[in-house]
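Values quoted throughout were computed directly from the atomic coordinates according to the rules given, and no laboratory measurement underlies them. If you're wondering where the values come from, they're calculated on a predicted model, not measured in any experiment. Every residue, glycine as well, gets a Cβ built from its backbone with ideal geometry; the counts of neighbours run over all protein chains shown.
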Amino acid sequence: MKKIILLCLFLSLSSTRAFAAGDHVSVGAGLINFPTPSKTYFELSLEYEHRYDAYFGLGGFGSYVFSTPAITILGVPEVFFHPMAGTWVITASPIFQFYSGNTDTGVRLGTRFRLPAGLFTLLPSVAVDFINGVHQYTFGLGIGF
């Protein structure tokens, strides 16, 4: 665990590009793991952040999970916290999960790095959903604009 924390701090401090206040949009693809029954599915997502200053932003996200039945996950509002005003981002959001006429609610906690790549930003991420007493894990890679 200490190695992961040190890696997060290093990546955050090593960025030379500051992310300015304003609007940020990203699209992503990833894998989501459901524990009961244990299955992993492909998902696509879209995320929006309005960054107010170097440390704080608000926005939301939507994900479509290619499962049977298909699942749509919405997270609004999503709170973005940028420790040390760097590229490391911590997010939290209430979530709404829709499938087969059912709706479940929960909370998503996530983290990611904003890695500058020319005109775009690469966003490797990990998140955990706390929903109906279980944990759902999401691992993804996004491209920010």
Relative contact order (percent, whole number), the chain, Cα cutoff 8 Å, 6+ residue spacing: 21
19 Å cut-off, amide nitrogen to a point 7 angstrom out along residue 67 Cα→Cβ, residues in the stretch 88-122: 93-110
Degrees separating the helix 2-14 axis from the principal Cα axis of the chain, which is the longest one: 50
Dipole in debye (nearest 20) - the chain, about Cα centre, beta carbon charges: Lys, Arg +1; Asp, Glu -1: 460
Förster-model FRET efficiency, 35 Å R0, residue 41 and residue 119, C-beta, rounded to 0.05: 0.70
Entry for semi-axes √(5λ) of the Cα gyration tensor in Å (calculated from the structure that is shown) out of (1) 110, 13, 10; (2) 27, 16, 14; (3) 32, 16, 11: (2)
